C-alpha cells in the first residue's frame, strides 16, 4: 500500500510540474508580440509631435513657477483662503 501511495504521489508531482511548465511556455510565447506592440505604441505617442512637446514644456515650466512661489510663502495654500487655522 505504501508503494502505491508513493507512485501516485510521484505521478501527481510530475503532472503538476508538467502543467506548470506547459502554462509557462504558453504565456512566454506572447512576450515577443508584447514587445512589438509596445514598440509600435511608443511611436504613436503625442509627445513625438514638436508643438505638443513645446506646450508640455511650457505647462511644466508654469507649474514649477507656481510651486516655487508657493514654497516661498508662509501660508498653507492647502487650507484655502480662510486664513490660518485656529
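List, please: which pairs have Cβ atoms under 9 Å, are six or more places apart or on different chains, and start with a residue in the stretch 46-75 that is at positive phi and touching a residue at least 12 places away in the same chain (Cβ under 8 Å) and end with one that is in a helix (DSSP H, G or I) and loosely packed, with under 10 Cβ neighbours inside 10 Å? Close Cβ pairs (under 9 Å, with a partner that is in a helix (DSSP H, G or I) and loosely packed, with under 10 Cβ neighbours inside 10 Å) do not exist here.
With the condition kept exactly as written, say whether any residue in the stretch 68-82 is surrounded by 10 or more Cβ atoms within 10 Å (Cβ to Cβ), more than 22 Å from the chain's Cα centre (by Cα), in a helix (DSSP H, G or I) and modelled with pLDDT of 80 or more. Yes; the residues of the stretch 68-82 include at least one that is surrounded by 10 or more Cβ atoms within 10 Å (Cβ to Cβ), more than 22 Å from the chain's Cα centre (by Cα), in a helix (DSSP H, G or I) and modelled with pLDDT of 80 or more.
For residue 38, the conditions (1) in a helix (DSSP H, G or I); (2) over 24 Å from the mean Cα position of the chain (by Cα); (3) modelled with pLDDT under 95 all hold with the exception of (2).
The values are calculated or read from the model by the stated rules, or taken from the named source; none is laboratory data. Everything quoted here is computed from the prediction, not taken from an experiment. FYI the Cβ positions are ideal-geometry reconstructions off the backbone, even for glycines, and counts take in every protein chain you see.
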